[in-house]
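The values are calculated or read from the model by the stated rules, or taken from the named source; none is laboratory data. As the structure is a computational prediction, the values presented were derived from the model and not from experiment. Here Cβ is always computed from backbone atoms with ideal geometry, including for glycine, and neighbour counts include all displayed protein chains. Areas reflect the complete protein model, heavy atoms only, side chains present, ligands, DNA and RNA absent. Shrake-Rupley method; radii C 1.70, N 1.55, O 1.52, S 1.80 Å.
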Amino acid sequence: MMKEKQVHILIGCADARDLSQVQLDTIDNVTQEFKEMGIDVELHVVRAAGSFVTPDIVMDIKRTIEQAQRSSDALLPISYYIHIQTHGHLTEDSNDHYISHVHDLKIVEGSPLNCGMLGASAVGVEIEQMIIEEKPVIDIRGRAVVIDNDTKIKSLLQEYYAYDGYLAGDWIRSIDLLRTHPRHQRTVLEKAIAIDPELKMLHIQITCGILDYAIHSLIRVDDGDPSVPFWDTVQMEIRKHTQNDRKAKDMLINQSAKQKPLAGLLCMSDPRMSSRLLAANYYMRSKSIEHTGDYLPNTVFNITGSSFDIPQTPFGPYVIAGFYYAVKHLKLVDQMVMGYDADQTDRIIKKIKNDPIMRMVVQKFNVNLIPINQIDLQVEV
């Protein structure tokens, strides 16, 4: 008999190293423990480069919460939690306790383990250059316009992405300071919730932290307030496993390596509807790569969203930046596109083709969009 439902939404980076089988198993185990206590836990994962809380991410949160309400027992009380998580490489003299303070944390400058979006503005400059070189002809208010300068890029952003401003350093901008980034994104989210009459009424609780790839553990930088038993238990169990379990340590070696994934994956934010594990195993099977069936970090660069299957809406800035970065800099021309069924996959592909910048990246770099779906992959297992 369920007494309560909890909806947890993780806002995480698309980085291929940001997930391991240890983390997946721990989440499953703790979810089961809470179920036995009468608490039904539902976890969603929204992944975009840099874990920036942009308007599209806020909309993802809203859609996820709406769907959770529609599918829940109306008499069951629901509580909502959002976890903002960035990642980096902290120095050995940093205070790596579960609850720490930004002044006790130091980032290893130039480490390949730090988030790539520390250089997001530079990625934005590259995207601007690509647009001007490709000179796409875009329909703007019924008129065919050749996009070949910065002013016309502004018109493109306004027409298709509802953004009034420049692209590089504005629409797409770098993380200012990695240590304070998760706290800043928490503030951005709190302000967005405060002016949304629907979200404001839900008493959403927000945590923020840095996943330190050097120790494979999350460090909260919010004084541990609010206390969230499910999330805190998951993180403490992960810490326990990474310290005591030799198999876990071996599995996590790839999490400490330079990011070198095999393929990209665009999918929905509900892990029950689009399993990153199934996608990774499918890709390795299709390329005859030996694997154990466990999910290894550093195999899939994953971007997710709750609106990826709505073809007439554009992608957000850090989804586009992450996709470009994955294709251009990580050489991931193989991009799996995964819906729950074939129809949902088709809608995601249509959205990619409808989005002018995403379409341009696909065409310029000859990206191979590989359609897969959860139902078919579950049958194959």
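For ALA280, state whether it is out of contact with any helix residue (DSSP H, G or I) (no Cβ under 9 Å at 6 or more places or on another chain) and either buried (at least 22 other Cβ atoms within 10 Å of the Cβ) or under 27 Å from TYR213 (Cβ atoms) (or both). Here the answer is yes, as ALA280 does meet what is asked. Taken over segment 25-54, residues that are open to solvent by less than 50 Å² (accessible area, probe 1.4 Å) and either polar (S, T, N, Q) or part of a helix (DSSP H, G or I) (or both) amount to 9.
Report whether or not ILE57 is part of a helix (DSSP H, G or I) and touching a Gly at 6+ places or on another chain (Cβ under 8 Å). Yes. Name the pairs: first residue in segment 102-114 and within 18 Å of LEU218 (Cβ to Cβ), second residue open to solvent by 70 Å² or more (accessible area, probe 1.4 Å) and at pLDDT 90 or above, Cβ to Cβ under 8 Å, at least 6 apart or on different chains? Between residues of segment 102-114 that are within 18 Å of LEU218 (Cβ to Cβ) and residues that are open to solvent by 70 Å² or more (accessible area, probe 1.4 Å) and at pLDDT 90 or above, the close pairs are VAL102/ARG183; LYS106/ASP93. Can you tell me which of (1) touching a residue at least 12 places away in the same chain (Cβ under 8 Å); (2) within 20 Å of the chain's Cα centre (by Cα); (3) assigned to a helix (DSSP H, G or I) is the one THR187 doesn't meet? Failing condition for THR187: (1).
Might you check whether a residue that is in a helix (DSSP H, G or I), at pLDDT below 95 and crowded, with 18+ Cβ neighbours inside 10 Å occurs anywhere in segment 356-364? Show your work before the answer.
Within segment 356-364, the first condition is being in a helix (DSSP H, G or I), and the residues that meet it are 356-364.
Okay, now just the ones that are also at pLDDT below 95, so none.
No, because not a single residue in segment 356-364 is in a helix (DSSP H, G or I), at pLDDT below 95 and crowded, with 18+ Cβ neighbours inside 10 Å.
One residue stands out in segment 123-140 among those that are out of contact with any helix residue (DSSP H, G or I) (no Cβ under 7 Å at 6 or more places or on another chain) and open to solvent by 60 Å² or more (accessible area, probe 1.4 Å): the one that is modelled with the lowest pLDDT, namely ASP139. In the condition set (1) open to solvent by less than 50 Å² (accessible area, probe 1.4 Å); (2) at pLDDT below 80; (3) polar (S, T, N, Q), GLN243 is compliant with all but (1). Which of the following residues is in contact (Cβ under 8 Å) with a residue 40 or more places away in the chain and either open to solvent by 60 Å² or more (accessible area, probe 1.4 Å) or more than 29 Å from PRO112 (Cβ to Cβ) (or both): ASP334, ASP343, ASP309? The match here is ASP309. Within segment 194-208, if we keep just the residues that are in contact (Cβ under 8 Å) with a residue 12 or more places away in the chain and part of a helix (DSSP H, G or I), the residue that is surrounded by the fewest Cβ atoms within 10 Å (Cβ to Cβ) turns out to be GLU198.
So if I check each of ILE153, ILE78, ILE82, which one is open to solvent by less than 70 Å² (accessible area, probe 1.4 Å), more than 28 Å from SER227 (Cβ to Cβ) and among the aliphatic types (A, V, I, L, M)?
Numbers: ILE78 fails: more than 28 Å from SER227 (Cβ to Cβ); ILE82 fails: more than 28 Å from SER227 (Cβ to Cβ).
The unique qualifying residue is ILE153.
Checked against the criteria, LEU118 counts as surrounded by 13 or more Cβ atoms within 10 Å (Cβ to Cβ), in contact (Cβ under 8 Å) with a residue 60 or more places away in the chain and either touching a Pro at 6+ places or on another chain (Cβ under 6 Å) or under 30 Å from ILE357 (Cα atoms) (or both).
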